[in-house]
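The structure appears right after this line, and notes come after that.
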């Protein structure tokens with residue numbers, strides 16, 4: 001049996017996933033490009049694979065049709081907006097995800113971005129590197145109202161961390177863990193209330209299936225003046241064209257995004273604003289998260305073929 005691994009961080013810091021697959025008799029094919037593959041490259045590499053451990057490559061109908069052997073897709077992560085779910089269901093291809101493997105890492109990173117946006121740490125450090133003595137007048141994180149959009153495994157961990165900063169936590173989701181909300185003193189609100197009340201907004205939801213932004217012109221217009229927006233989820237969630245205007249006129253104090261999947265996703269104008277921090281989809285990349293995701297995504301493949 002053949003398994004294609006598209007993630008470049010799979011077993012980057014250990015051999016646990018590779019050993020699991022090798023011991024089960026799989027021939028392992030790795031992403032030879034060292035980046036997210038194009039559709040053509042993906043089709044060529046997927047040829048004849050029985051399983052794929054998938055990063056952020058787009059697994060659409062065109063790609064899937066080229067590999068009739070494919071039986072299981074093991075997502076190296078949790079997001080599935082890059083996968084044609086309907087095609088998988090129609091052709092009985094099983095989808096597994098590495099659930100709760102990177103939630104701690106992404107939550108830590110999210111809080112780091114919040115602190116950076118509030119205090120200008122990155123900007124001050126870069127000024128020093130350029131031999132400039134430039135102090136950044138920031139704002140306190142303590143006491144701020146933080147709106148968490150998406151109270152799943154990552155959103156919950158963000159809430160836990162921010163509670164230690166004395167923040168007032170409000171959240172929107174379609175399904176709530178009421179006992180968790182009660183324990184961590186989280187107020188359930190509507191999206192509009194998030195927009196209108198929050199000093200800081202952080203996104204932890206999947207992309208809209210139709211690709212439309214959640215944070216659009218109407219949402220941004222209803223923000224409190226000087227809000228900080230954090231996006232460690234998906235780039236399509238934010239209307240960056242309208243956000244750019246809001247960043248320039250001060251409506252939005254700061255924006256931090258870890259959502260780009262490649263340099264093509266980063267506009268030069270946005271990247272060079274002083275009140276913007278953009279990082280290369282880095283939030284989930286820690287030793288611990290990488291090892292756990294490698295193990296779980298490999299186990300998901302092996303379990304499928306054992307149990308079928």
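Kindly check whether there is at least one residue in segment 90-100 that is on the phi < 0 side of the Ramachandran plot, in a helix (DSSP H, G or I) and not assigned by TED's automatic domain parsing to the domain that holds residue 160.
Checked segment 90-100: at least one residue is on the phi < 0 side of the Ramachandran plot, in a helix (DSSP H, G or I) and not assigned by TED's automatic domain parsing to the domain that holds residue 160.
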Subset tally (residues that are under 20 Å from residue 258 (Cβ atoms) and part of a helix (DSSP H, G or I)) for segment 125-144: 2
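Just to be sure before I move on: is residue 232 touching a strand residue (DSSP E or B) at 6+ places or on another chain (Cβ under 9 Å), at pLDDT 95 or above, closer than 27 Å to residue 156 by Cα and surrounded by fewer than 14 Cβ atoms within 10 Å (Cβ to Cβ) in the structure I sent? Before the answer, list the steps.
Values: touching a strand residue (DSSP E or B) at 6+ places or on another chain (Cβ under 9 Å): yes; at pLDDT 95 or above: yes; closer than 27 Å to residue 156 by Cα: yes; surrounded by fewer than 14 Cβ atoms within 10 Å (Cβ to Cβ): no.
When the stated conditions are applied, residue 232 does not pass them.
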Answer residue from segment 53-66, given it is crowded, with 18+ Cβ neighbours inside 10 Å and more than 20 Å from the chain's Cα centre (by Cα) and is nearest to residue 305 (Cα to Cα) among those: 64
Residue list for segment 5-20, filter: surrounded by fewer than 22 Cβ atoms within 10 Å (Cβ to Cβ) and not in a loop (DSSP other than H, G, I, E, B): 16, 18, 19, 20
Subset of segment 201-224 (residues that are surrounded by fewer than 19 Cβ atoms within 10 Å (Cβ to Cβ), out of contact with any strand residue (DSSP E or B) (no Cβ under 9 Å at 6 or more places or on another chain) and part of a loop (DSSP other than H, G, I, E, B)): 206, 208, 209, 210, 211, 212, 222
Subset tally (residues that are surrounded by fewer than 16 Cβ atoms within 10 Å (Cβ to Cβ) and either outside the structural domain of residue 199 (by TED's automatic domain parsing) or more than 19 Å from the chain's Cα centre (by Cα) (or both)) for segment 244-266: 4
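Select, from 141, 122, the only residue that is modelled with pLDDT of 95 or more and either crowded, with 18+ Cβ neighbours inside 10 Å or touching a helix residue (DSSP H, G or I) at 6+ places or on another chain (Cβ under 7 Å) (or both). Quick ask: steps written out before the conclusion?
Details: 122 fails: modelled with pLDDT of 95 or more.
From the options 141, 122, the qualifying one is 141.
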Segment 21-68, residues that are assigned to a loop (DSSP other than H, G, I, E, B) and touching a residue at least 40 places away in the same chain (Cβ under 8 Å): 24, 26, 35, 36, 48, 49, 50, 55, 56, 57
Pairs where the first residue, in segment 271-295, is in a loop (DSSP other than H, G, I, E, B) and the second is modelled with pLDDT under 95 and surrounded by 14 or more Cβ atoms within 10 Å (Cβ to Cβ), C-beta under 7 Å, 6+ apart: 274/123; 280/260; 281/259; 281/260; 281/261; 284/77; 284/102; 285/9
Single match in 44, 39 (criterion: surrounded by fewer than 15 Cβ atoms within 10 Å (Cβ to Cβ) and more than 24 Å from the chain's Cα centre (by Cα)): 44
Hits in segment 145-200 (condition: in contact (Cβ under 8 Å) with a residue 40 or more places away in the chain, in contact with a strand residue (DSSP E or B) (Cβ under 8 Å, 6 or more places away or on another chain), surrounded by fewer than 20 Cβ atoms within 10 Å (Cβ to Cβ) and not in a helix (DSSP H, G or I)): 145, 189
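The values are calculated or read from the model by the stated rules, or taken from the named source; none is laboratory data. These figures come from a predicted structure and were not determined experimentally. Virtual Cβ from ideal backbone geometry, glycine too; neighbours counted across all protein chains shown.
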